[in-house]
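Take a look at the structure set out below.
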Amino acid sequence: MPTKAKTLFFTLLLFAQSFASLAQSQMQFDTIRIPYTDSPIEIDGKLADWSNYFITTFSDTASQIYTTGNYSLCDVYPAGFCEDKIKVPLSHNNVAAMLCWDENALYIAMYVIDKHLIAEFSGTDDNPNIYLNDAIEFYIDTKNDSKERMDVNDYQIIIDALNQHCVFKGNLRQMEYDSMFVPKERGQNLLIQSAVSYQGTFNDNKLDDYYLVEMKIPFAAIGMIPQEGMAIRIDICNDDADFLLSELGVKSEDMYITWPFNWSGLGDFGFPKTWKTAVLEGHPSLYKQVSEKFKYQWLYFLSIFVLVVAIILVLVIRHNRKLRKMPKQEILKKYVIVTNDDKSNDSSNANNNLVTKVTDYIVKNISDKITPADLAEWLHISLRTLQRLTKDELDCTPGILINMIKLQLAKDFLRYKHGNISEAAYNNGFSDPAYFSKLFKKQFGVTPKEFIDQCTEKQ
């Protein structure tokens, strides 16, 4: 239910706009413009989510019911209609009507200030008399093509203050063969959503405040494909019931009406010639258009994103594992790694001999990317034999052995100031200086920069 503050706001709005609204209604303005709304509207009987809309206000000030032509209401209603039972209401209503649309539906909200809430009829297909309760009525010509009377493209929707609703549709057969002023049929299974909130109590003639009707009409349900600039015709009406049957002296089976009025000041509805032309205006924002265009592809993009993240994680994990597999320097202390400045090898040791041969090959091909397969081929042994030898004798893989020897060569490169850290990495077959620095610290316990500083201090 709207708050009291919102009630006060709309009350002030109604009175502030009343004179302008009445003048506007009497001018019978040709076209109104219903704006597009990007904001989703929840049909909950509240107006907090209404942000962009057309609004008009109108009031009932009549002392009699005005019709669309020179005829009596008895000419419109069936035999038994009690025109003499129509009473001027105890208080005249004020109405604010709001409209907007999006690509799915037309939205209508009607805020009715009514000091006497009456609703003693129930709405069923057999007894659709909720128009005799306090209710709102909305008419729409979906094709903007009707003439004097309702046709098959016209709908009438009634929603009373208890949120009971009934739908009528223009009937072509009755138009052709019947003399009814408003040829229509009821019981239409029109998928509409509605919600009602109110303040007050019903059927006790206490001075109450208001009721609010909020409604959503899906365009698909009324055979429309909406687009900017499309024209329709609409009518907005209020049924004001201020008396109970017992107060009117009317039996439930008698035919009578309460006090109807619309935004044109008329008291009989269903005549398209008196309806107002409305144009759908505006379009979705760029953000909403993009969202709608790709709403079924988000899973595809999400899958790509997840795949990319997974690949990055795998690469990071493999990188960290390679770092963890690098043995500490102490493991190879008992073996001699032959470098350019160290010629005192003991080649009698088989392991030293293996390391010496590998070192010799790497030194000769230091700028190339050396793989374990290249190394096995040069040693004239199978890759599997090389893997077994390095595992059994050195407790490492061929790839790690290659890296350790390259790191030793890079260490000598830095010790003798042949270049900076990046040059030490690239000249010794490492494509990433950052990765080279991590391997260097893992192998020697210090970073390349710390090693350079140590060498400088010793000199």
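The values are calculated or read from the model by the stated rules, or taken from the named source; none is laboratory data. Everything numeric in this text was worked out from a predicted model, so none of it was measured. All Cβ positions, glycine included, derive from the backbone under ideal geometry; neighbour counts span all protein chains shown.
Going through region 131-155 one residue at a time, which ones are under 33 Å from the mean Cα position of the chain (by Cα) and of a type in the set (Asp, Glu)?
Result: Glu137, Asp141, Asp154.
Of everything in region 90-120 that's in a loop (DSSP other than H, G, I, E, B) and among the hydrophobic types (A, V, I, L, M, F, W, C), which residue is surrounded by the most Cβ atoms within 10 Å (Cβ to Cβ)?
Ile118
Could you look through region 381-409, keep only residues that are among the basic types (Lys, Arg) and farther than 18 Å from Asn365 by Cβ, and pick out the one that is farthest from the chain's Cα centre (by Cα)?
Checking each candidate, the answer is Arg388.
When region 202-234 is examined, which residues are found to be among the acidic types (Asp, Glu) and in a strand (DSSP E or B)?
Glu214
For the list (1) modelled with pLDDT under 65; (2) more than 19 Å from Phe440 (Cα to Cα), I need the number of the one condition that Tyr361 fails.
Only one criterion is unmet by Tyr361, namely (1).
Quick one: Asp141 ticks every box in (1) touching a Phe, Trp or Tyr at 6+ places or on another chain (Cβ under 7 Å); (2) among the acidic types (Asp, Glu); (3) within 20 Å of Asp239 (Cα to Cα) bar one, so which box is it?
Exception for Asp141: condition (3).
Have a look at Thr397, Thr447 and point out the one that is buried (at least 16 other Cβ atoms within 10 Å of the Cβ), modelled with pLDDT of 85 or more and under 24 Å from Val316 (Cβ atoms).
Exactly one of Thr397, Thr447 is buried (at least 16 other Cβ atoms within 10 Å of the Cβ), modelled with pLDDT of 85 or more and under 24 Å from Val316 (Cβ atoms), namely Thr397.
List the number of the failed condition for Leu280; all other conditions in (1) modelled with pLDDT of 85 or more; (2) surrounded by 15 or more Cβ atoms within 10 Å (Cβ to Cβ); (3) in a helix (DSSP H, G or I) hold.
Unmet for Leu280, out of (1) modelled with pLDDT of 85 or more; (2) surrounded by 15 or more Cβ atoms within 10 Å (Cβ to Cβ); (3) in a helix (DSSP H, G or I): (3).
Give the number of residues within region 412-422 that are under 25 Å from Arg318 (Cα atoms) and surrounded by fewer than 19 Cβ atoms within 10 Å (Cβ to Cβ).
Result for region 412-422: 1.
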